[in-house]
């Protein structure tokens, strides 16, 4: 979503955290939420599957707390659309990677992410290679998909804030 909005000129900068693949970049395996196939209109994760797919780099106790706090059923159709790959990706999974007038973009990955593997984020990063607009990649070692909600979230947040500061992106005043 962040990449799509930035490419359309709807933002001054964007940070894409473990972003879903865009522009036909394939996931290396079927998306994890599709493993069991559709279960109705919503995809529901068990605590065990959540730990394996989202919180694979934290302990069982922390994974359980994260599950209780954050997990809600997600619309299966949206998840399937975002994970769709091939020559004609879903329109929601497209972004203008050639827009040279856009603001800076930071792509963030956890190198142990099983849901959106680091290789996918690196492949997306390469799509921006011909653009003169600023695109950066930050890979966090030993981090999974839960990198922004688990106990190491502050390291990610601090990096993002520093990156925004280095790019001259400041919060707008209350006056606009």
Which of (1) touching a residue at least 60 places away in the same chain (Cβ under 8 Å); (2) out of contact with any helix residue (DSSP H, G or I) (no Cβ under 7 Å at 6 or more places or on another chain); (3) surrounded by 18 or more Cβ atoms within 10 Å (Cβ to Cβ) is the odd one out, the single condition residue 128 does not satisfy?
(1)
Does the stretch 134-145 include one or more residues that are loosely packed, with under 12 Cβ neighbours inside 10 Å, at pLDDT below 95 and in a loop (DSSP other than H, G, I, E, B)?
no
Please state which of the following conditions residue 169 fails to meet, knowing it meets all the rest: (1) under 18 Å from residue 19 (Cα atoms); (2) assigned to a loop (DSSP other than H, G, I, E, B); (3) modelled with pLDDT under 95.
(1)
Being within 30 Å of residue 46 (Cβ to Cβ), at pLDDT 90 or above and surrounded by 15 or more Cβ atoms within 10 Å (Cβ to Cβ): is that true of residue 105 here?
no
All but one of (1) closer than 22 Å to residue 121 by Cβ; (2) modelled with pLDDT of 80 or more; (3) in contact with a helix residue (DSSP H, G or I) (Cβ under 7 Å, 6 or more places away or on another chain); (4) not in a loop (DSSP other than H, G, I, E, B) hold for residue 55, so report the exception by its number.
(4)
In the stretch 8-43, which residue that is surrounded by 15 or more Cβ atoms within 10 Å (Cβ to Cβ) and modelled with pLDDT under 80 is farthest from residue 116 (Cα to Cα)?
43
Test result for residue 78, loosely packed, with under 15 Cβ neighbours inside 10 Å, in a helix (DSSP H, G or I) and at pLDDT below 90:
yes
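The values are calculated or read from the model by the stated rules, or taken from the named source; none is laboratory data. On a predicted model such as this, the values are computed, not experimentally measured, just so you know. Methodologically, a virtual Cβ is constructed for each residue, glycine included, from the backbone with ideal geometry; neighbour enumeration extends over all protein chains shown.
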